[in-house]
1. Which residue is farthest from the chain's Cα centre (by Cα), if the candidates are limited to region 185-196 and must be open to solvent by 10 Å² or more (accessible area, probe 1.4 Å) and more than 18 Å from G246 (Cα to Cα)?
2. Residue check: is S42 under 30 Å from D156 (Cβ atoms) and either among the aromatic types (F, W, Y) or open to solvent by less than 30 Å² (accessible area, probe 1.4 Å) (or both)?
3. For region 8-30, state whether one or more residues are part of a loop (DSSP other than H, G, I, E, B), of a type in the set (S, T, N, Q) and either open to solvent by 20 Å² or more (accessible area, probe 1.4 Å) or farther than 19 Å from S259 by Cα (or both).
4. (1) surrounded by 21 or more Cβ atoms within 10 Å (Cβ to Cβ); (2) in contact with a Lys or Arg (Cβ under 9 Å, 6 or more places away or on another chain); (3) not in a helix (DSSP H, G or I): which one isn't true of L86, the others all being true?
5. Have a look at D234, D221, D174 and point out the one that is out of contact with any Lys or Arg (no Cβ under 9 Å at 6 or more places or on another chain), under 24 Å from Q73 (Cα atoms) and not in a strand (DSSP E or B).
6. Would you mind telling me which numbered condition in (1) open to solvent by less than 20 Å² (accessible area, probe 1.4 Å); (2) assigned to a strand (DSSP E or B) G246 fails?
7. For region 130-166: of the residues being open to solvent by less than 30 Å² (accessible area, probe 1.4 Å) and in a helix (DSSP H, G or I), which is farthest from Y194 (Cα to Cα)?
8. Within region 221-244, can you find the residues that are more than 17 Å from A4 (Cβ to Cβ) and in contact with a Ser or Thr (Cβ under 9 Å, 6 or more places away or on another chain)?
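The values are calculated or read from the model by the stated rules, or taken from the named source; none is laboratory data. Keep in mind that what you see is a predicted model, and the values were worked out from it rather than measured. We place every Cβ from the backbone using ideal geometry, glycine too, and count neighbours over all the protein chains shown. Heavy atoms of the whole protein, side chains included, go into the accessibility calculation; ligands, DNA and RNA do not. Shrake-Rupley method; radii C 1.70, N 1.55, O 1.52, S 1.80 Å.
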Amino acid sequence: MPAADALTLDLLADRGWPALEREELDGWVLRASGGVTNRANSVLTAGAVPDTLAAIERAERWYADRSLPAVFQLSPASPAALPEALSRRGYRQHSHTDILVADRAETAAAAAASATAAVFGSGPADARVRLSDNPDDAWLTTWWSVDGRGGDAERDIAERILTGGPALYASVGDPSAPDAVARLALVDEWGGLYAVATRSTARRRGLARALAGELASATADRGVRRLWLQVLADNAAAHALYASLGFRWASGYSYWSASTT
């Protein structure tokens, strides 16, 4: 499988998790979504700008106009001088994240090889993976209960981000209160795995693996050939799971926010 460059992966992830408001800035992209999630409320700095300091200042004003802090997403595709420029203005790096990629067919095969009857096919109906083109309220409730930050207003914004582009949604467990959910954003020949969430009472049952495998299998006829995902660099358990499904490191990024100390 040919390597994917950092710029390509940054742009894929931007399309897979689309901000509600966006504006071009000399090659960068300003993104805002009411403060819900870092990605949808940060500057995508993938690419050079004519004047780095001027771009930073314009971004700061843009976010201030929306009563949001200026946050910058940096990756290997960002200007080499940007970290130092941000550091001098009091910004600090956080949320180091790895981007992993895999061949869709390899992931589907790896998941199928380790599938258990409790998840696939021969178990009760509510133990099988269900797929949909849209997230229902039960899917959203499970995801928000695990990963959500905020109240009803923030959840509404998150739903608009989730449904801002084509995607496939998977769930397993009681249809009215799934044990685990996941989303695969569909971007050209790529599928982006997002919002993988398992309730604390249902962990260590292989549900995340089952969901990833079913999503990989189901998108064969949708033109998806490759997969990507983002995982925090220090999440050893998630890295082990995804490595067993054929995912390999391809790039990474971090966010830079103004220090509050």
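1. If we filter region 185-196 for residues that are open to solvent by 10 Å² or more (accessible area, probe 1.4 Å), which is where we start, we get 186, 188-190, 193-196.
If we keep only those that are more than 18 Å from G246 (Cα to Cα) too, we end up with 186, 188, 195.
Details: L186: 12, D188: 16, A195: 7 Å.
Looking at residues that are open to solvent by 10 Å² or more (accessible area, probe 1.4 Å) and more than 18 Å from G246 (Cα to Cα), I get D188.
2. Values: under 30 Å from D156 (Cβ atoms): yes; either among the aromatic types (F, W, Y) or open to solvent by less than 30 Å² (accessible area, probe 1.4 Å) (or both): yes.
For S42, the condition - under 30 Å from D156 (Cβ atoms) and either among the aromatic types (F, W, Y) or open to solvent by less than 30 Å² (accessible area, probe 1.4 Å) (or both) - is met.
3. Taking region 8-30 as the starting set, the residues that turn out to be part of a loop (DSSP other than H, G, I, E, B) are 17-20, 27.
Retained after the next criterion (residues that are of a type in the set (S, T, N, Q)): none.
No, region 8-30 has no match at all.
4. Failed condition: (3).
5. Working: D221 fails: under 24 Å from Q73 (Cα atoms); D174 fails: under 24 Å from Q73 (Cα atoms).
Selected residue: D234, the only one of D234, D221, D174 that is out of contact with any Lys or Arg (no Cβ under 9 Å at 6 or more places or on another chain), under 24 Å from Q73 (Cα atoms) and not in a strand (DSSP E or B).
6. Among (1) open to solvent by less than 20 Å² (accessible area, probe 1.4 Å); (2) assigned to a strand (DSSP E or B), the lone unmet condition for G246 is (2).
7. Per the stated criteria, the residue is A138.
8. Those that are more than 17 Å from A4 (Cβ to Cβ) and in contact with a Ser or Thr (Cβ under 9 Å, 6 or more places away or on another chain): L232, A233, S244.
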